[in-house]
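Enquirer: One structure follows; several queries about it will come next.
The values are calculated or read from the model by the stated rules, or taken from the named source; none is laboratory data. None of these values were measured; they are calculated from a predicted model. FYI the Cβ positions are ideal-geometry reconstructions off the backbone, even for glycines, and counts take in every protein chain you see. All accessible areas refer to the heavy atoms of the entire protein, side chains included, with ligands and DNA or RNA removed. Shrake-Rupley method; radii C 1.70, N 1.55, O 1.52, S 1.80 Å.
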Amino acid sequence: MTRRVLFITGGSRGIGAGVVAAAARSGYDVAFTYRERRDAAETLLATVRAESPEARCAAYQLDVRDSAAVERVGDQVLDAFETVHVVVANAAITHAGMAIAASDEDWRAVVDTNLTGSFFVARQFLPAFLANGYGRFIFMSSIAANGMSGDVAYSASKAGMLGLSGALAKEYGRKGITSNALLMSLFETEMTMKELSAKNREFYTAHCPVGRIGQVPEVAAAVLFLASDGASFVNGQELGVTGGLDWLH
Ligand SMILES: NC(=O)c1ccc[n+]([C@@H]2O[C@H](COP(=O)([O-])OP(=O)(O)OC[C@H]3O[C@@H](n4cnc5c(N)ncnc54)[C@H](OP(=O)(O)O)[C@@H]3O)[C@@H](O)[C@H]2O)c1
């Protein structure tokens, strides 16, 4: 059987990097993007080459806010890998602060990256999915979709991704394409280390029924399940990867 191709945005570090490495180990060829951190992308490429020499893996610079760049890079990926079977919309940023202090620029940067960028990416790969009669969209959302105090734009963008995923599930389910979202709680990455207050960190560990913060391989395993043939009847769903902590203050 030919190898499946997984494309993921923001794969250079954090959860994305965990998904890239796990997908390569599981038999996928992987195309991933980074925005600025070429160093992190190069390090990851070297890791994948060492761990999974049979996997084809390539990194592309991309700012998902730029629809022309999404089209250009998307076409480069399709040319290089011939097709794409799984798209993971993962690139995201946060902006900590209360709603009253959020500027136009803060709002736009977060929503343009997390939500609009995810839409640009999904739209770019739909023709390939339709041509194959097969495709898996996976949107990396968060329990912040229900509202998280201290980042209104992030909360709104993550809620928007659920609507985006649900609409794609309904529009293209009959074409062999599934679309699902992961609702994640807290995982140890640069994003959370940078923005998470000590109070919020304490909240997560105190209230999570599993009693700890999540580990990146635990998200990667959920992504690989949604990407698998076994998940062919899982469509339009929001899968919690939260250790049981399904709410925020
Ligand atoms: N960590 C958590 O606890 C947690 C919880 C719930 C949901 N999530 C979601 O999981 C996903 C990954 O989170 P993470 O913690 O791994 O994040 P992270 O460590 O901050 O990594 C973010 C990634 O997104 C890329 N990126 C940022 N802005 C971009 C843009 N405009 N265009 C293209 N790429 C861009 C970054 O590229 P550079 O490296 O080049 O900057 C990086 O690869 C996000 O969707 C996040 O909302 C995370």
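Enquirer: With a 1.4 Å probe and every protein chain kept in, tell me what percent of the accessible surface of the chain is carbon plus sulfur.
Expert: Reported share for carbon and sulfur atoms: 53 percent.
Enquirer: Given a 1.4 angstrom probe, what's the average accessible area per residue across the chain, in square angstrom?
Expert: Per residue, the chain has an accessible area of 46 Å².
Enquirer: Sorting check: for 81-94, 212-225, 35-48, which peptide has the highest mean count of neighbouring beta carbons within 10 Å, and how do the rest follow?
Expert: 81-94, 212-225, 35-48
Enquirer: So if I take the centroid of the Cα atoms in the stretch 175-240 and the same for the stretch 1-37, what is the distance between those two points in Å?
Expert: A separation of 16 Å, based on Cα centres.
Enquirer: Let me ask something else about it. With +1 on each Lys and Arg Cβ and -1 on each Asp and Glu Cβ, and nothing else charged, work out how big the dipole of the chain is about its Cα centre, in Debye to the nearest 20.
Expert: With only Lys, Arg, Asp and Glu charged at Cβ, the dipole is about 420 debye.
Enquirer: Right, next: Would you mind calculating the gained length between Q215 and S197 on full extension (0.36 nm times residue separation, minus the Cα-Cα distance), in nm to one decimal?
Expert: Extra length from Q215 to S197 when fully extended: 4.6 nm.
Enquirer: Translational D (Stokes-Einstein, µm²/s) of the chain at 4 °C and 1.567 mPa s when Rh comes from the Kirkwood sum over C-alpha pairs?
Expert: Stokes-Einstein gives a translational diffusion coefficient of 72 µm²/s.
Enquirer: At 222 nm, what value in deg cm²/dmol follows for the chain if DSSP H runs of at least 4 each add -39500 (n - 2.57) and the sum is divided by all its residues, to the nearest 500?
Expert: Taken over the chain, the calculation gives -14500 deg cm²/dmol.
Enquirer: Rounded to the nearest 0.05, what FRET efficiency do E42 and T205 give with R0 = 35 Å and r taken as the Cβ-Cβ distance? Could you check?
Expert: Result of the calculation: an efficiency of 0.55.
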